[in-house]
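Enquirer: Take a look at the following structure, please.
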Amino acid sequence: MAHQINFNQKTGKNSFMSVKEKAWHGLGQIIDRYPTSSEAIQHAGLDYIVEKRPLFTYDTENHLGEGSDDIMIPEIEVPNFFATVRADTEQVLGVVGNDYEVVQNRDAFSFFDAIVGGGDGILYETAGALGNGERVFITAKLPEYIRVGVKDWIEQYLFLTTTHDGLGSITAAFTPIRIVCNNTLNAAMNNHSGAIKIRHTASATERLKQAHTLMGISKSLGEEMEGLFNQWAKVRITDAEVKKLIQIAMAPNKEVLENLAAGRLDLLSTHYTNIVDNVYEYALGSQTQQMETTAGTVFGAYNSVTGYFQNVRSFKSDEAKFKSIMDGTAKQRAQIAFNLCRDFATQGSEVLIYN
């Protein structure tokens, strides 16, 4: 999979900014201090304007004839549809309807400043554009951590993305990332609405002004996750139970679970059994898994699944890895592991059923 970071032909730069660490494929601008959101926009090349322009088609009855070298002039306006165009490069980003309202990058990001209380203690870490600039994003680290035990800290981030192609909403979400092994945990794992979505309509700007409630969501969710993970860190789980949890979490379909339940291990694919063995090996042997909050605990069992995708499994590219963790197979497996660990912590090993 080729990278999707936008390359601006005019500036000769890739539209990505990162503090201290390189972007995908080493592209983009690396800066050594945390910027303001307006500085992040400039560093990432996101300081462009998007315009909503009418669409036209040709009048086929009045064309200049075959073989003519003259340029045909559009004469018929397409009703109720418009093109979103990036003004600096004249690239068409998408086709939208009448009620679509363009929200400029600077406005979306200034709303982000409002969410985090004027930037007090907020550290903007990444910002960038994908494709031709039809999708942009920014991430900011919050000053507070989720603490599991004494030594295991989980950072808290806010992530904002918006689109200019008519295919997505303005989305701001809470995301925790574990410092030690950089596992990404999805905020929606426990059926929480740790995100807000705002459609690109005439009310978008006003709704953005009211979206400061996200901070309340992220704070309460962070506190709940902290309590949950600390509970998991006190619940013991045997190696055999960890192995069974991994088998269930990594099962690609119901047929595999049925074969496990019936003891038909010879029918399990070599690919599946190798994955289970790799996750189990990571669960027992990884240095981060030997911490007091993880070794032999439900918290450690959960981290064995997320840690496998983050630190063990090979992906075709960094983008493929990111996509899998945020919205693909890795996220699905982590969701199942999360549910199993949550239930195990309250009900015990009886929840580990192949069904």
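Residues checked against (1) at pLDDT 75 or above; (2) more than 25 Å from Ser314 (Cα to Cα); (3) not assigned by TED's automatic domain parsing to the domain that holds Phe309:
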{"residue": "Thr201", "(1), (2), (3)": "yes, yes, yes"}
{"residue": "Glu206", "(1), (2), (3)": "no, yes, yes"}
{"residue": "Gln210", "(1), (2), (3)": "no, yes, yes"}
{"residue": "Leu221", "(1), (2), (3)": "no, yes, yes"}
{"residue": "Glu226", "(1), (2), (3)": "yes, yes, yes"}
{"residue": "Ala261", "(1), (2), (3)": "yes, yes, no"}
{"residue": "Tyr272", "(1), (2), (3)": "yes, no, no"}
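Enquirer: Next question, about the same structure. Show the residue pairs that are 6+ apart or on different chains and have beta-carbon atoms under 9 Å apart, the first residue being within region 251-278 and on the phi > 0 side of the Ramachandran plot, the second being surrounded by 11 or more Cβ atoms within 10 Å (Cβ to Cβ).
Expert: Here the result reads none, with nothing in region 251-278 linked to a residue that is surrounded by 11 or more Cβ atoms within 10 Å (Cβ to Cβ).
Enquirer: Moving on to the next point. From the list Val78, Val96, which residue is assigned to a strand (DSSP E or B), outside the structural domain of Asn132 (by TED's automatic domain parsing), modelled with pLDDT of 85 or more and within 21 Å of Phe137 (Cα to Cα)?
Expert: The match here is Val96.
Enquirer: Related question: Among (1) at pLDDT 90 or above; (2) touching a Gly at 6+ places or on another chain (Cβ under 8 Å), where does Thr293 come up short?
Expert: (1)
Enquirer: I want to confirm something. Restricting to region 133-151 and keeping residues that are touching a helix residue (DSSP H, G or I) at 6+ places or on another chain (Cβ under 8 Å) and either surrounded by fewer than 22 Cβ atoms within 10 Å (Cβ to Cβ) or modelled with pLDDT under 70 (or both), which single residue is nearest to Gly97 (Cα to Cα)?
Expert: Step by step, filter region 133-151, then rank; the result is Leu142.
Enquirer: Here's a follow-up. Please work out if Leu55 is modelled with pLDDT of 90 or more and surrounded by 14 or more Cβ atoms within 10 Å (Cβ to Cβ).
Expert: Here the answer is yes, as Leu55 does meet what is asked.
The values are calculated or read from the model by the stated rules, or taken from the named source; none is laboratory data. Quick caveat: nothing in here was measured; it's all calculated off a predicted structure. Using ideal geometry, Cβ is built from the backbone for each residue, glycine included, and neighbour counts are taken over all protein chains shown.
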